[in-house]
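Just so it is clear, none of the values below were taken in a lab; they were calculated from the coordinates. These numbers come from a predicted model, not from an experiment. Cβ placement follows ideal geometry from the backbone for every residue including glycine, while neighbour counts extend to all protein chains displayed.
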Amino acid sequence: MAEGYLIIQARTAEDAIPLSGVQVKIMDADNNTLHELRTDENGNTEKISLQTVDRSLSLDSAYEGTPYTSYNLEASSSHFDSLYISGIHIFDGETACQPVTLIPLPENRSVPVMNQLFIGEVALEMDAPRNQEGPAVEPFILRHVVIPNPITVHLGSPSSSAINVQIYFPDYVKNVACSEIYPTWPRAALVSNIYAIITFALNRVFTEWYRSNGYNFDITNSPAYDQYFVYGRTIYESVSNIVDDIFNQYIRQQGQIAPYFSSFCNGTTVTCSGMSQWGTVSLADQGISSLDILRSYYPEDIEIAETHMITDIIISYPGAALRPDSTGLDVQTIQTYLERIRKNYPAIPHIDDPPGVYGSSTEAAVTKFQSIFNLTPDGIVGKATWNKISSIYTSVARLAELDREGTALGIETVSPSYVLSLGSTGINVLTLQYMMQFIGKYYPGIAQISQSGTFDAPTEHAVTTFQQMTGLNPNGVVDRATWNKLYELYWGIMDNAPGPAQEPGIMDYIVQPGDTVWLLAQRFHTSVDDILKENNLKRTAIYTGQELRIHVNSMEPDFQYTVQKNDTLWLIAQKFNTTADEIKKLNNLSSNLLLIGEKLLIPTEGLPS
């Protein structure tokens with residue numbers, strides 16, 4: 001028997017939070033347990049080997065069986081609903097990565113339910129006709145070709161009431177490639193198919209094929225209309241590595257801006273006027289390059305183009321890889337991003353190189369990040385690593401920002417009774433939109449709407465979808481039942497989802513007006529030199545809003561802390577290794593409400609001396 005390999009990655013909140021200690025069972029098709037695993041602090045299990053069928057079967061278009069062996073998985077963790085995944089395909093010689101996204105238990109429910117995901121067959125094996133339609137002449141709709149990050153995918157036919165999910169664009173391409181074809185194919189065949197997949201998606205975005213017709217998504221997951229996508233499916237290393245290299249490249253005709261409409265089908269049980277997927281294997285076996293394979297199906301004047309315009313990436317890739325001995329602002333950007341990410345992924349080592357200098361500790365942090373997120377662990381920040389670091393930074397920073405916004409809004413523990421509907425405005429609508437955004441980080445399918453304070457059409461649609469998903473009357477009106485469900489999920493997340501790891505004796509402090517390094521050293525019983533060293537500072541100049549790591553070496557029994565913007569009792573308790581209840585008790589507080597500038601006594605028991 002041949003062997004393939006499997007790794008499990010358990011994450012939540014759009015990869016912002018790794019889930020450690022998740023119990024994973026790997027089972028055969030009859031649900032006999034073969035392996036019992038547990039995720040580490042990065043949410044990853046060890047790599048295991050599993051028996052499968054010979055690789056040659058996946059290269060034979062005439063083979064009528066399945067050229068892989070399917071396995072099942074069960075994942076469970078306290079404070080989360082469990083997940084059962086069936087149909088994980090293992091190919092000979094391929095390393096498969098199975099994402100596991102667990103959802104926190106809602107408030108007032110302690111018993112988990114078992115959510116289920118069925119991966120199913122690959123599109124290559126389907127015999128239903130593909131009726132992909134696109135513009136005969138590419139219209140000039142957008143001024144530039146932009147990578148939609150995330151891309152919004154409708155999980156059904158265009159007119160269905162299925163939910164939408166938002167996916168990091170490279171992950172979307174990997175998913176489609178693994179859902180459409182086999183990862184064992186020759187590299188030239190894989191590359192040509194991945195170019196077609198990228199280009200097809202970018203064509204849909206560039207021409208606004210769906211959005212210009214009133215739909216609120218970029219593309220569907222239906223192979224009859226677009227290309228196959230299975231939410232939560234297995235991703236293969238061979239596909240992942242290629243996508244990381246070329247996800248921002250696409251094909252177009254010479255002299256054109258628009259991505260070419262690159263339709264395709266399997267070329268055996270289903271034929272079409274576009275590319276034959278099985279045909280690419282035959283051509284690759286003849287030694288034909290990926291570009292020439294594409295030119296054999298599409299116009300001969302097509303060329304490979306590239307775009308570095310990616311939405312939701314704060315700073316775009318500088319165009320040249322960063323490596324040891326690199327210097328400058330781009331290096332400092334990566335250092336800043338990794339230092340923030342390591343709060344959620346503490347296995348990433350602390351960077352103590354000078355800001356903007358790519359030294360050994362920066363290289364070590366980059367290498368560890370790459371190993372955690374399935375990138376080539378070479379310690380070099382190329383295009384794929386830059387964009388993945390930027391994406392994860394955006395995810396963890398946005399989640400932290402949402403935490404602070406929730407504190408500022410003062411979400412109560414009891415749901416309100418007022419009703420909101422189309423046309424409503426004000427702080428209550430802002431609270432609704434915030435809660436939808438926050439919950440949507442943990443629950444796929446809940447739309448990410450902007451916080452405008454106005455109950456507009458996108459808000460109404462998002463509310464309707466939320467009601468459909470949670471079994472409520474989908475009328476788009478936020479009544480008491482809808483508020484109850486929102487609060488149930490919101491406080492379930494707050495109670496059950498883990499937050500960033502807090503190092504013992506370390507606090508993260510936001511510089512306030514009037515602060516100096518000397519005053520902070522006096523306040524927290526440390527030294528100026530220690531603060532400078534911990535934060536890689538060459539000078540004592542600091543600025544309002546700057547985030548500093550401070551060793552809290554000792555505290556006086558009556559240590560007094562001034563409440564800062566975005567503080568919560570929980571966050572303060574984490575900073576000083578105590579509990580919210582202890583702070584409330586010491587200060588005679590009857591609620592969790594805090595006021596900026598308020599003075600709090602901090603219990604010092606348990607703090608390092």
Subject >> the chain, helix-only ellipticity at 222 nm - DSSP H runs n ≥ 4, -39,500 (n - 2.57), divided by all residues, nearest 500 >> reply: -9500 deg cm²/dmol
Original post:
Within a Cβ distance under 10 Å of SER361, other residues only, what is the Lys/Arg minus Asp/Glu net charge?
Top reply: -3
Original post:
Dipole of region 237-318, Cα-centred, from +1 at each Lys and Arg C-beta and -1 at each Asp and Glu C-beta, to the nearest 20 debye?
Top reply: 240 debye
Original post:
Could you put TRP518, TRP483, TRP491 in order, starting from the residue whose Cβ has the fewest other Cβ atoms within 10 Å?
Top reply: TRP518, TRP491, TRP483
Subject >> Spherically averaged projected area in nm², based on the convex hull that wraps the Cα atoms of region 433-491 >> reply: 3.5 nm²
**OP:** Mind listing the long-range amide H neighbours of LEU34? Cut-off is under 5 Å, sequence gap 5 or more, other chains count too, H placed in the peptide plane at 1.01 Å from N.
**Re:** ILE26, MET27, ASP28
Subject >> For the chain, cysteines whose Cβ has no other cysteine Cβ within reach (under 4.7 Å) >> reply: CYS97, CYS178
Subject >> Net lengthening on full extension, GLU534/PHE118 (0.36 nm per residue, minus Cα-Cα) >> reply: 145.0 nm
Subject >> Long-range HN-HN contacts of PHE264 with modeled amide H, under 5 Å >> reply: MET275
Original post:
To the nearest 20 debye, what charge dipole does the chain have about its Cα centre, counting +1 at the Cβ of each Lys and Arg and -1 at the Cβ of each Asp and Glu?
Top reply: 1100 debye
Original post:
So, counting K/R as plus one and D/E as minus one, what does the shell of residues with Cβ under 9 Å around PHE264 add up to?
Top reply: 0
**OP:** Amide H neighbours of ALA2 under 5 Å, at least 5 residues apart or on other chains, H built in the peptide plane: list them.
**Re:** THR52, ASP54
Subject >> Cβ-derived FRET efficiency at R0 25 Å, LYS47 paired with ARG404, nearest 0.05 >> reply: 0.10
**OP:** With a cut-off of 12 Å, note down the residues of region 170-194 whose backbone N falls inside the zone around a label point 7 Å from the Cα of GLU300 toward its beta carbon.
**Re:** none
**OP:** Compute the convex hull volume of the Cα atoms of the chain, divide it by the residue count, and report the result per residue in Å³ as a whole number.
**Re:** 171 Å³
Original post:
Taking each full run of DSSP H in the chain as one helix, which ones are at least 24 Å long along their axis (Cα atoms) and have mean Kyte-Doolittle hydropathy of at least -1.0?
Top reply: 187-206, 383-409
Original post:
So for MET27, MET436, fewest C-beta neighbours within 10 Å to most, what's the order?
Top reply: MET27, MET436
**OP:** Read phi for every residue in region 42-55 and hand back ³J(HN,Hα) as whole Hz from Karplus 6.51 cos²θ - 1.76 cosθ + 1.60, θ = phi - 60°, with x for Gly and Pro.
**Re:** 8, x, 9, 9, 5, 7, 10, 9, 9, 6, 8, 9, 5, 4
Original post:
Once you put a point 7 Å from the Cα of ASP60 and another 7 Å from the Cα of LEU595, both along the Cβ direction, what distance in nm separates them?
Top reply: 7.9 nm
Original post:
Using alpha carbon centroids, what distance separates region 225-254 and region 304-335, in Å?
Top reply: 21 Å
Original post:
Roughly what would the spin-label model give for ASP479 and ASP285, points 7 Å off Cα along C-beta, in nm?
Top reply: 6.3 nm
Original post:
With θ set to phi - 60° and the Karplus curve 6.51 cos²θ - 1.76 cosθ + 1.60, what are the ³J(HN,Hα) couplings of region 267-272 in order, to the nearest whole Hz, using x for Gly and Pro?
Top reply: x, 10, 6, 10, 10, 7
Subject >> Proximal lysines relative to LYS383, as straight alpha-carbon distance under 23 Å, when same-chain residues fewer than 8 apart are discounted >> reply: LYS174, LYS368
**OP:** Any lysines with Cα under 16 Å of the LYS25 Cα? List them, leaving off those in the same chain fewer than 8 positions away.
**Re:** LYS47
**OP:** Just name one of LEU402, VAL357, ILE380: the one whose Cα is farthest towards the positive end of the charge dipole of region 329-405 (beta-carbon charges, Lys/Arg +1, Asp/Glu -1).
**Re:** LEU402
**OP:** Post the alpha-carbon centroid distance, region 14-89 to region 356-396, in whole angstrom.
**Re:** 26 Å
Original post:
Once phi is turned into θ = phi - 60°, what whole-Hz ³J(HN,Hα) does the Karplus curve with 6.51, -1.76 and 1.60 give for every residue of region 294-304, x standing for Gly and Pro?
Top reply: 4, 5, 6, 10, 10, x, 5, 8, 5, 9, 8
Original post:
In what sequence do LYS533, LYS485 fall when counting other Cβ within 10 Å, fewest first?
Top reply: LYS533, LYS485
Subject >> Inter-label distance, nm, simple model (7 Å from Cα along the C-beta direction), SER452/THR271 >> reply: 5.0 nm
